[in-house]
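Student: Sending over a structure as structure tokens; questions will come in a sec.
The values are calculated or read from the model by the stated rules, or taken from the named source; none is laboratory data. If you're wondering where the values come from, they're calculated on a predicted model, not measured in any experiment. Heavy atoms of the whole protein, side chains included, go into the accessibility calculation; ligands, DNA and RNA do not. Shrake-Rupley method; radii C 1.70, N 1.55, O 1.52, S 1.80 Å.
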Amino acid sequence: MPVKPAKKFTSKRLSASSKAYLNRQAADSFVQAARAQGYRARSAFKLQEIDQKHKLFRHGQTVVDLGAAPGSWCQVAAEKVGPTHKGGGRIVGIDLLEIPPLAGITFIEADFTSDEGLGQLLPHVQPEGVDVVMSDMAANTTGHHATDGLRTMALAELAADFALTHLKPGGHFLTKVFMNGDEAKLRDTLRPHFTKVMFVKPGASRAESREIFLLALNKKA
Ligand code: SAM
């Protein structure tokens, strides 16, 4: 079926940057595909591509999604891991924002970096441990690239601490970082603990964005 040309946002009540964002979203083929396939966000395709290439998920696993709203990474994981109510694994997502429910997936509305947030998450992962920890957490942008990069890197470092503590042997860790010169340090911290550590830039990650993903495969025992 031919795809209808995207409607243009021209309202005078929108700022130029909001109009540019809305028009870019409307014309974006990943946004259209997400809508057509029932994913809550275009970022679903980033995780799908990484999983297709590196085989992160298997049926019955326990997966923790840090910064899970609106839930598209959980949707992708659930397709492979299988939601709990269908005899599958366990998926737990945490975010500052409320996430509309998805069957068989546990969502926690809390700050992952707070004792309270961690306290809510831990009962879902202990004592068995986790097979995949994934973090797409991004700090609220200030518009200042260096500050935004540093704040998101701090979140990635906390996600890495969590993964190193709670991943089972053989488990995988995936996190978003922004390229700002510090990303190699986190890669080097992870290297001794995993069989393979690499940066990946999936096709759905906008080429002009400094976003890149750090992937650590097969945690050593
Ligand atoms: N992977 C998600 C998906 O596909 O639906 C999109 C995640 S979005 C890019 C980043 C999320 O990180 C935001 O929803 C934001 O609220 C969340 N976040 C940022 N800091 C956080 C924190 N300290 N604790 C929990 N979530 C956080």
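Student: Longer than 19 Å from Cα to Cα, which of Lys46/Lys86; Lys176/Lys201; Lys55/Lys168; Lys55/Lys86; Lys55/Lys80 are they? Say none if no pair is. Walk me through the numbers before you get to the answer.
Tutor: Details: Lys46/Lys86 25 Å; Lys176/Lys201 10 Å; Lys55/Lys168 16 Å; Lys55/Lys86 21 Å; Lys55/Lys80 10 Å.
Correct reply: Lys46/Lys86; Lys55/Lys86.
Student: May I ask for the angle, rounded to the nearest 10°, between helix 115-125 and the longest principal axis of the chain, with both axes built from Cα atoms and the value confined to 0 to 90°?
Tutor: Roughly 70 degrees between the two axes.
Student: For the range 113-185, what is the Kirkwood hydrodynamic radius in Å, using each pair of distinct C-alpha atoms?
Tutor: So the Kirkwood estimate lands at 13.2 Å.
Student: Could you run the Karplus curve 6.51 cos²θ - 1.76 cosθ + 1.60 with θ = phi - 60° over the range 184-196 and give me ³J(HN,Hα) per residue in whole Hz, x for Gly and Pro?
Tutor: Using θ = phi - 60°, the values come out as 5, 5, 5, 4, 5, 5, 7, 3, x, 9, 10, 5, 9 Hz.
Student: Need the C-alpha centroid separation for the range 74-131 versus the range 29-46, integer Å.
Tutor: Distance between centres, Cα-based: 21 Å.
Student: Same structure, new question: On a 0 to 90° scale, report how tilted helix 16-27 is relative to the longest principal axis of the chain, with both axes built from alpha carbons and the result rounded to the nearest 10.
Tutor: 70
Student: If you take the square roots of the eigenvalues of the alpha-carbon gyration tensor of the range 92-221 and sort them as a ≥ b ≥ c, do you get rounded (a/c under 1.5), prolate (a/b over b/c) or oblate? Write down the numbers at each step before the final one.
Tutor: Numbers: a/c = 1.70, a/b = 1.14, b/c = 1.49.
Oblate shape, in that a/c is at least 1.5 and b/c is the bigger or equal ratio.
Student: Which ³J(HN,Hα) values in Hz, rounded to whole numbers, follow from the phi angles of the range 197-208 under the Karplus curve 6.51 cos²θ - 1.76 cosθ + 1.60, where θ = phi - 60° and Gly and Pro get x?
Tutor: So the Karplus estimates, Gly and Pro as x, are 10, 8, 8, 10, 10, x, x, 6, 7, 4, 4, 7 Hz.
Student: Long-range amide H contacts for Asp182: which residues qualify at under 5 Å (H placed 1.01 Å from N, peptide plane, sequence gap of 5 or more or a different chain)?
Tutor: Answer set, sorted by chain and number: none.
Student: For the chain, what is the Kirkwood hydrodynamic radius in Å, using each pair of distinct C-alpha atoms?
Tutor: 18.2
Student: Rank these residues by their accessible area, most exposed first, probe 1.4 Å: Glu49, Glu208. Please report the intermediate quantities before stating the final value.
Tutor: Numbers: Glu49 75, Glu208 130 Å².
Largest accessible area first, the list is Glu208, Glu49.
Student: Scan around Ile91 for amide H atoms under 5 Å from its own, H built in the peptide plane at 1.01 Å from N, and keep only partners 5 or more places away or cross-chain.
Tutor: Val63, Thr84, Thr106
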